[in-house]
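Reviewing the structure listed below.
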Amino acid sequence: MGPLQTGRIALLALLRNKLRSFLTALGIIIGVAAVIAMVAIGEGAKSQVEAAFAAMGTNLLIIMPGSSSSGGARGGFGTQPTLTWDDLKAIQTEMPLVADAAPTLRTQAQVQSEEQNWGTSVQGTTPNYFRIRTWGTALGVPMTESDLDSGAKVVWLGATVAEKLFGAGADPIGQAVRIKGVPFIVSGVLLKKGQSPMGQDFDDTVFIPTSTFKARLQPGLGNFLSGVIFVQVRAGEDTGRAQRAITGLLRDRHRLGQGQEDDFSIRNLAEVASAQQQGADTLSALLASIAAVSLLVGGIGIMNIMLVSVTERTREIGIRMAVGATPAQILAQFLAEALVLALVGGLLGVGLGLFAAQQLSEQFGWPLLVRPDVVALATGFSGLVGVGFGLYPALKASRMDPITALRFE
Amino acid sequence: MSRADVTTAEPTRLTAPPPVVALEGITRVFSLGDVEVHALRGVSLSVQRGEFVAIMGASGSGKSTLMNVVGCLDRPTAGRYLLDGKDVSRQSRAALARTRNQTIGFVFQSFNLLARTTALENVELPLLYAGVGGKERRARATAALERVGLGQRLDHLPNQLSGGQQQRVAIARALVTRPSLLLADEPTGALDTKTSAEVMTLLSGLDDITVVLVTHEHDVAAWAQRVVTLRDGLVLSDVEQPPRRPAPDATHPTEA
Ligand SMILES: Nc1ncnc2c1ncn2[C@@H]1O[C@H](COP(=O)(O)OP(=O)(O)OP(=O)(O)O)[C@@H](O)[C@H]1O
Ligand SMILES: [Mg+2]
């Protein structure tokens, strides 16, 4: 008797008890659907994290003034500046692993338009900053070297600030705003960048040229940088090496002795990203394992019904044995029934899971992330569950004594 | 006349084909806790090809137990059983199943057809386990059903057939594999006299096949060429008789 024939007999036996077969398969249906939907949720969360890091810029190191242990890692505001323009120059010129580096000067200030007033972070920077962070302008023109050279009083607004000061969808180019009482002309509005992985709004900031910043906002700064340095490393796999090289360079330049702590800290975004990624992976694994448990419960349901079915059909088993079914053939028949139950349940579960994943992704505004390998795995696993939990009832059937089975009422 | 020692006679073994059934000192002991039930106490018996043997005896004398051993549904506790000259008394369960499938056909008192399964599919069942392909299976099952006069009832379910018809389906199922031996344990036990006669006509008309049948009724035993009587797990008597001829009007089973 071929596998096809065995499968056909199994299917016919299951169709004789449609409602019961469906209810039995329901456990598997829900289990598989849960696996697929849960993994889709996990993947969606992961894609959110990935998107946030993509927004930060690629291959980035962020050098912050102050030691990491004294809270300097927060960067900028309230921290004693320790990084200088000469440090920046050295990083730009002496580090072969570094593609580019951009300074930021930074302060917290009120920015006023004709009608509105918004407290935000004001950053002085250079044109290469926008390149490093792959941050384009939505309106107006990008910052240029001549803005820097002339110390022009021009400002680029983050999307959030533009909206707060001028309202959504307005074109503020050429309008005047005041920062700490100094009038600036709006030269551009930046593209929306979204949130940092830590939930900070990237778009709640404005940029002006460093020269203007030093001349108008923080004249006492001298050679120091009041913000962080953004470093773009040439190759993604070199961020760790570049971090160590820059640490060495800055310790030399700051003349830090053996036992002395760094007076700066470097955040390696690739590392933070992978940590966050791991968090998302853990979430995925957790959800998937919860779903797998429900699949297992479905398997127990199959075992339960198969045991009932084997007992009910004792006489049938006796008849089949009397006409010459071998124990192996009886085993195969009942295993096939469990397998068909589990596989049909698995396929229906895939359908339900895909539907649920689609609904969820619409709900959360995520892309529909269904991994084909998970679909295949869930279906395969349900088949395995069918065989695993069908084995004991099938063995029980195959070991029956034909005479006793024939006498069974 | 006793035939118990026929298999041990060397000259017959050399010239004639082996008997279909050759039992030598078969015992079967059931253990129920510390009580032992000796259902068979040493049965020696042989059945030649083409014989029609009836087994009689009081209730509990071991008839069914003997049929189960002969039918390879059970193994003897001791003794030797040669089926078609082959020792089957120590075969594995799987080997016994194949032997049942290829050499033996069963007819039971309670028909034992698969419920919710058509007559045709019931008859196909042994062929299915024999690995016969779909087309041939259908053809052979149809022919077997036609042979028992049920050519018009192929797609009927057991509960749509009368008792006599169900038993004829069971006979067709027993015959479809062309077995050397057909075993029937009280095949007419659940049937009325008229239907019994029909079934017996059918069974005694199977010239090409060896039949061993258990019965309580002398009417039924009268169809056999030979009657073996058991008592307390032993052969009490073994006599040949002129078998009853089917009544002229009962030669062909009716489509009742
Ligand atoms: N599985 C079993 N376990 C224990 N004892 C058994 C078993 N099968 C049969 N026996 C015993 O073996 C003896 C013979 O039983 P068997 O069924 O062969 O009798 P029988 O001649 O077919 O009787 P009947 O005419 O009533 O069918 C009885 O005493 C019975 O109780
Ligand atoms: Mg009996």
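Every number here is computed from the coordinates shown, using simple stated rules; none is lab data. Bear in mind that the values here come from a model prediction, so they are computed numbers and not experimental data. Cβ: placed from backbone, ideal geometry, glycine included. Neighbour counts: every protein chain shown.
Brief remarks on what is shown
- The protein assembly as shown - charge dipole about Cα centre, Lys and Arg +1 at Cβ, Asp and Glu -1, debye rounded to 20: 600 debye
- Note on region B:39-71 and region B:122-143: Cα centroid distance 30 Å, given to the nearest whole angstrom.
- Both the radius of gyration and Dmax for region A:81-262 are 17.3, 56 Å, in that order, over alpha-carbon atoms.
- Over chain A, relative contact order from alpha-carbon pairs under 8 Å, at least 6 apart, %: 29 percent
- Placing +1 on the Cβ of every Lys and Arg and -1 on the Cβ of every Asp and Glu, with no other charges, gives chain B a dipole of roughly 680 debye about its Cα centre.
- Cα long-axis angle, helix B:163-175 against chain B (0 to 90 degrees, to the nearest 10): 70 degrees
- If you run the Gaussian network model on chain A, springs between alpha carbon atoms under 10 Å, then out of A:Ser382, A:Ser121, A:Ser146 the most flexible one is A:Ser146.
- Selected from A:Thr205, A:Phe381, A:Leu11, residue furthest toward positive end of dipole (chain A; charges at beta carbon): A:Leu11
- Of all DSSP beta bridges in region A:81-262, antiparallel share, percent nearest 5: 75 percent
- Relative contact order (percent, whole number), chain B, Cα cutoff 8 Å, 6+ residue spacing: 25 percent
- Averaged over the residues of peptide B:91-99, the number of Cβ atoms from other protein chains lying within 10 Å of each residue's Cβ is 4.
- Around B:His38: net Lys/Arg minus Asp/Glu count, Cβ-Cβ under 11 Å: 0
- The calculated FRET efficiency for A:Gln260 paired with A:Asn117, based on their beta-carbon distance and R0 = 41 Å, is about 0.40.
- Simple Cβ-charge dipole of region A:81-262, Lys/Arg +1 and Asp/Glu -1, about Cα centre, in debye nearest 20: 240 debye
- Mean Kyte hydropathy of -0.5 or more with a Cα span along the axis of at least 24 Å, helices from DSSP in chain A: A:18-56, A:269-312, A:327-364, A:372-398
- DSSP beta bridge pairing in chain A, given as percent antiparallel to the nearest 5: 80 percent
- Leading residue at positive end of dipole, chain B (Cβ point charges), from B:Ala190, B:Gly25, B:Ala94: B:Ala94
- Difference of contour (0.36 nm per residue) and Cα-Cα distance, A:Ala275 to A:Ala138: 46.1 nm
- Stokes-Einstein diffusion coefficient of region B:16-250, Kirkwood radius over Cα pairs, 4 °C, 1.567 mPa s, in µm²/s: 71 µm²/s
- Cα→Cβ-extended label distance, 7 Å offset, between B:Gln241 and A:Leu19, nm: 5.4 nm
- Unit charges at the beta carbon, dipole of region A:81-262: most positive-side option, A:Ile173, A:Thr125, A:Thr82: A:Thr82
- For a label point 7 Å along the Cα-to-beta-carbon line of B:His38, residues of region B:66-103 with backbone N under 13 Å: B:78
- Largest first, the three principal axis extents of the alpha carbons in the protein assembly as shown are 134, 56, 43 Å in whole numbers.
- Rounded to the nearest 10 degrees, the angle from helix B:93-103 to the longest Cα principal axis of chain B is 60 degrees.
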